[in-house]
């Protein structure tokens with residue numbers, strides 16, 4: 001979003017396209033107006049999560065305040081030293097890339113009224129596809145990255161096709177089919193890695209060739225972040241500025257109205273699954289060809305990709321099922337995950353606490369009437385009993 | 001070669017069919033698929049089955065299993081030493097049955113809890129803690145008793161005034177707490193720490209189920225999001241508690257004194273408990289008025305409400321009890337089966353339990369059978385991995401057998417979706433008009 005605005009600002013100076021800028025600011029203003037309540041709810045849920053995290057720390061004998069100050073280091077904010085650490089911030093950005101993308105999978109599904117939790121399996125498939133193209137095919141420099149990325153996205157979408165077919169034709173609930181496909185991928189990919197794509201080490205894929213790697217920006221962040229942001233913007237325009245996107249959201253909001261309006265519901269559902277699969281496949285690729293983990297490989301334990309799809313659900317929930325909101329929510333989650341290691345290093349607070357906090361945030365946001373309820377509660381407390 | 005050729009032809013044919021079917025969704029009025037594919041529901045089911053078959057063929061091909069040796073080894077596996085395999089299957093069948101029966105009841109009442117995995121994770125750790133530390137066990141018993149006592153007292157004193165309610169809750173809580181403490185101390189003294197641990201695991205599950213159902217029923221939270229939230233929370237908590245309680249990452253061995261005894265090396269008392277639970281659940285569900293009300297609460301809550309039954313309370317009660325069963329299953333992993341806690345021990349098991357529920361079509365007795373079959377497949381997979389001949393010639397068999405429960409679930413759902421539908425009000429909060 002930010003880069004998008006900057007780019008537009010630059011073109012305005014050079015070409016003088018006033019109208020575009022005016023229109024863009026109109027969109028932003030319109031969003032800010034509708035943004036207040038979701039933002040307040042997300043922040044409140046974050047507060048609840050941090051509160052429960054603090055309670056857990058207190059119960060097990062840690063100081064929550066120093067703990068959270070340590071966690072802020074994950075965002076690059078070194079409060080004690082009063083400094084900003086760029087490397088850690090870039091690291092947080094690197095963490096956020098796959099989360100942004102898997103959040104799209106869930107968010108687009110929710111917009112179409114589909115509870116698509118298949119991102120996990122699609123991430124594995126995308127990762128192994130990228131590792132195969134990147135490590136076993138010899139292609140020229142620029143094209144290799146493109147082909148590997150595109151193939152990973154394609155494989156992710158193919159993995160999403162079966163739940164889509166079952167949903168559209170046989171009426172199988174997508175939660176059941178996508179859970180099953182996640183676990184099928186969990187046992188499928190290790191075999192592919194060990195017996196087909198292994199390199200020098202038996203338990204890993206061959207290292208991705210230099211031609212298929214995204215250029216490193218700093219820390220473990222690579223240029224793949226631009227692809228991810230572009231994907232978010234594209235999905236945003238697709239959903240809110242095209243007819244197919246409007247129909248998709250209509251199907252999610254009110255299926256009956258959509259049916260009477262002559263919307264092809266099956267096609268809308270199919271589109272949501274395919275967008276989700278493409279995004280999840282890209283997320284998988286971003287962990288193999290877009291991040292120097294374990295020397296640009298994918299381990300058979302799936303350690304570098306495990307849980308990304310599930311975390312994406314949390315990110316999407318906090319980002320209110322919006323691709324742009326997802327970017328900020330992903331950064332929040334990523335910073336927390338990155339900061340967890342400082343908590344462990346500085347004060348011996350196990351880093352997994354952060355995952356538990358994220359779970360609490362999701363639980364809090366599952367309640368649709370969170371904010372009205374709080375207001376009512378405050379009023380009740382404020383009012384004197386008659 | 002021939003085998004591979006035939007499968008490839010079949011796969012391409014299936015892919016073509018699926019593609020043709022997809023073209024049909026593109027919105028044009030004139031159908032592009034052959035006429036014989038146009039019968040209402042049958043067609044959808046056929047397309048689904050064909051797609052799954054094509055998918056399975058792909059998996060077999062990718063796992064290098066399209067070979068003659070596969071049949072040879074299947075035949076060999078079928079003539080293996082069955083008794084030990086079946087006995088071993090009872091180990092996995094135990095937690096699966098417990099969790100699946102609980103989930104069957106809860107789904108019948110209209111609550112869809114996909115947080116079974118999370119319940120497993122948490123009760124794995126807290127159950128062991130309750131077994132090792134008597135104070136934790138007694139505290140859990142007293143706390144649970146107090147909550148139950150207070151709630152029962154509140155329900156009884158519903159018509160009374162505010163002050164009377166408060167007194168009732170206090171007295172009920174006190175009495176319940178004492179009873180819980182007493183029961184727990186009897187369990188610890190009579191059956192040992194292991195049994196107390198199982199009980200604490202069940203209480204952990206009940207607590208999660210209680211929180212889940214209260215949020216879903218009274219706050220109308222999205223049940224699927226809640227379930228995923230529980231799973232993620234528990235994933236973090238499992239590792240966090242392992243590290244903070246025992247100070248060692250990823251693994252903790254339980255003292256052998258606390259292990260649940262095993263007959264014949266595999267059969268545990270908990271397995272028989274699971275069998276009894278499944279039978280009792282079947283009787284409650286199909287032979288009692290309460291069971292009728294549970295089923296009706298999932299199908300047509302308005303009718304139950306008109307009949308004067310409190311839907312909200314019933315859903316909370318059933319879901320809490322169901323989650324308690326899952327918690328018992330979770331504690332069984334560490335105390336009854338492995339005798340240790342490993343971080344990855346129960347990964348995926350909660351989802352297999354969900355698969356059991358789906359395949360069983362929400363029938364507790366069928367859930368017992370399906371859990372046993374899935375447990376057997378898992379044991380067979382381990383047998384395949386350890387028998388030298390198979391693992392060197394067909395290394396993919398191990399991985400494919402791990403997928404069998406999930407593939408079977410996909411097929412069963414697709415085939416039977418019309419015949420055994422889920423309750424109509426499943427996953428929807430009941431809003432009184």
Checklist entry - Which distance in Å, rounded to a whole number, links the C-alpha centroids of region A:203-280 and region B:307-355? => result 35
Checklist entry - Ranked by Cβ crowding within 10 angstrom, fewest neighbours first, how are B:82, B:61, A:183, A:159 ordered? => result B:82, B:61, A:183, A:159
Item to check | Mean-position separation - Cα centroids, region B:363-391 and region B:239-291, in angstrom | outcome: 19
Checklist entry - Against the longest alpha carbon principal axis of chain B, how many degrees, from 0 to 90 and to the nearest 10, is the axis of helix B:193-217 turned? => result 80
Checklist entry - Once you sort the root eigenvalues of the Cα gyration tensor of the protein assembly as shown as a ≥ b ≥ c, which label holds: rounded (a/c under 1.5), prolate (a/b larger than b/c) or oblate (the other case)? => result rounded
Item to check | By average C-beta atoms within 10 angstrom, highest first, the peptides A:335-343, B:210-218 | outcome: A:335-343, B:210-218
Next on the checklist: I'd like the distance between the alpha-carbon centres of region A:135-190 and region B:125-171, rounded to an integer number of Å.
Outcome noted: 49
Item to check | Within region B:186-221, backbone nitrogen closer than 11 Å to the virtual label 7 Å beyond the Cα of residue A:369 toward Cβ | outcome: B:218-221
Checklist entry - If we count other beta carbons within 10 Å of each Cβ, what is the order of B:257, B:309, fewest first? => result B:257, B:309
Item to check | Sorted peptide list for B:172-180, A:317-325, A:32-40, criterion being average Cβ within 10 angstrom, highest first | outcome: A:317-325, B:172-180, A:32-40
Item to check | Neighbour-count ranking [beta-carbon atoms within 10 angstrom, fewest first] of B:220, A:80 | outcome: A:80, B:220
Checklist entry - To the nearest whole number, what is the average tally of beta carbon atoms from other chains within 10 Å of the beta carbons of peptide B:211-224? => result 3
Checklist entry - In a GNM of chain A with a 10 Å cut-off on Cα contacts, which of A:67, A:26, A:134 has the highest mean-square fluctuation? => result A:26
Checklist entry - Using a simple spin-label model with points 7 Å from Cα along the Cα→Cβ vector, what separation in nm is obtained for residue B:182 and residue B:84? => result 4.9
Checklist entry - Can you give the mean number of other chain Cβ atoms that lie within 10 Å of the Cβ atoms in peptide B:398-411? => result 5
Next on the checklist: Taking the 0 to 90 degree range and rounding to the nearest ten, how far is the long axis of helix B:134-156 tilted relative to the main principal axis of chain B, both from C-alpha atoms?
Outcome noted: 80
Checklist outcome for this item: Plugging the Cβ-Cβ distance of residue B:280 and residue B:191 into 1/(1 + (r/R0)^6) at R0 = 30 Å yields, to the nearest 0.05, a FRET efficiency of 0.90
Checklist entry - What shape does chain A take by its C-alpha gyration tensor, where a ≥ b ≥ c are the square roots of the eigenvalues and a/c under 1.5 counts as rounded, a/b above b/c as prolate, and the rest as oblate? => result rounded
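Throughout, read-outs are computed from the coordinates displayed, never taken from laboratory work. Everything numeric in this text was worked out from a predicted model, so none of it was measured. We place every Cβ from the backbone using ideal geometry, glycine too, and count neighbours over all the protein chains shown.
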